[in-house]
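Have a look at the structure below, then the notes.
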Amino acid sequence: MGIALIAVSGCMERLFYHPEAGPTPPPAQGIELVSFASADGTALVGWFIPARSAPQPAPTILHVHGNAGNITSHDWFSAYLPPAGFNVFIFDYRGYGQSAGRATRRRDLIADADAALDVLLARPDVNPGTIGVYGQSLGGGIALNLAAARPEIRSVVTESAFASWRLVAATALGGDPPGFLARVVAWVFIRDHDRPDDAIARIDRPVLVLHGGDDEIVPPSHGRRLGAAGGPGTRFVELPGGRHNSLRESHPQIEGMIIDFFRATLIDAPGPAGHDAIRTDDDDPDG
């Protein structure tokens, strides 16, 4: 019985991942196609997008993307960073895009992100003391686990991330908050190791948690939970009316917020970001 439950749990976990595999269009001119390997030898592919009009080595952001599609459907989430003076490295997990293998376990995806960080640390055009990570949706949870394990990550931004694998599954089944039956089903079939809210509690560097107030996929309660679980360097910002994949449409100021955060934590003297929960638009840099 126990073996059967473990097998079913593994099958259920695959529901978190919706890769689009196969050849992807070549990157635009000036973007480097990078091939590398995860710890188990799985071949992975990423794009290194150099900072514009900035001396190298420049501060660099590792972009850990969401659960569907591949690089080509996620690169726009960080496209504003190279013009602002940051290198960006976005990669495909195993089973996504041109990366080999299959996405079946979260620990494999965390290992893929770990290998991507090692790629950056080995590059002469990357300052190893100025590396941040940006994770959107699923990528937020992966990014938090990476940062908790790797002090080379100097600061973290998550956008629309969930706090618990089991809880987000229960929410998908039974709404927010999930009912008793949804919680039971999630408890039985979804293992909850590598929880993002556990990971953020272990990070002693600045973290910016962004979440839309009307997120239809990962309810804002997850962002609040992450903000509450984080240490003194964690800041939570809830954006009223914001939805899961379209925060920039309703709140274009978040790009400026992220740029300012990474400049403050990677370029200026690093320090605690301050632990506060903000649920207004008062951070609009445009006033």
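Conditions tested, residue by residue: (1) more than 30 Å from residue 128 (Cα to Cα); (2) modelled with pLDDT of 85 or more.
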{"position": "189", "(1), (2)": "yes, no"}
{"position": "197", "(1), (2)": "no, yes"}
{"position": "200", "(1), (2)": "no, yes"}
{"position": "205", "(1), (2)": "no, yes"}
{"position": "211", "(1), (2)": "no, yes"}
{"position": "218", "(1), (2)": "yes, yes"}
{"position": "225", "(1), (2)": "yes, yes"}
For this session: Take segment 72-87 and flag every residue that is more than 13 Å from the chain's Cα centre (by Cα) and surrounded by fewer than 23 Cβ atoms within 10 Å (Cβ to Cβ).
Result: 72, 73, 76, 79, 80, 82, 83, 84, 85
Problem set entry | Residue list for segment 52-76, restricted to those being closer than 15 Å to residue 259 by Cα and at pLDDT 95 or above | 59, 60, 61, 62, 63
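Given the criterion more than 25 Å from residue 86 (Cα to Cα), of a type in the set (Lys, Arg) and buried (at least 19 other Cβ atoms within 10 Å of the Cβ), identify the matching residue among 225, 243. Write out each step before concluding.
Numbers: 243 fails: buried (at least 19 other Cβ atoms within 10 Å of the Cβ).
Just a single option satisfies the conditions, and that option is 225.
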Exercise. What pairs can you find where one residue is in segment 235-260 and free of Cβ contacts under 8 Å to residues at least 24 places away in the same chain, the other is β-branched (Val, Ile, Thr) and assigned to a helix (DSSP H, G or I), and their Cβ atoms are less than 9 Å apart, with a gap of 6+ or different chains?
Worked result: 248/254
Exercise. When you scan segment 25-112 for strands (runs of 3 or more DSSP E) that lie fully inside it, which ones turn up with 2 or more residues that are closer than 30 Å to residue 164 by Cα, of a type outside the set (Lys, Arg) and without any contact (Cβ under 8 Å) to a residue 60 or more places away in the chain?
Worked result: 43-49, 87-92
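Each row is one residue, and each column tells you yes or no for (1) at negative phi; (2) in contact with a Leu (Cβ under 8 Å, 6 or more places away or on another chain); (3) crowded, with 23+ Cβ neighbours inside 10 Å; (4) not β-branched (Val, Ile, Thr).
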{"residue": "68", "(1), (2), (3), (4)": "yes, no, no, yes"}
{"residue": "92", "(1), (2), (3), (4)": "yes, yes, yes, yes"}
{"residue": "116", "(1), (2), (3), (4)": "yes, yes, yes, yes"}
{"residue": "125", "(1), (2), (3), (4)": "yes, no, no, yes"}
{"residue": "137", "(1), (2), (3), (4)": "no, no, yes, yes"}
{"residue": "148", "(1), (2), (3), (4)": "yes, no, no, yes"}
{"residue": "152", "(1), (2), (3), (4)": "yes, yes, no, yes"}
{"residue": "155", "(1), (2), (3), (4)": "yes, yes, yes, yes"}
Exercise. Does residue 165 count as under 17 Å from the mean Cα position of the chain (by Cα), modelled with pLDDT under 85 and at negative phi?
Worked result: yes
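The values are calculated or read from the model by the stated rules, or taken from the named source; none is laboratory data. Please read all numbers here as calculations on a predicted model, not as lab measurements. In this analysis, Cβ positions are derived from the backbone assuming ideal geometry, glycine residues included, and neighbour counts consider all displayed protein chains.
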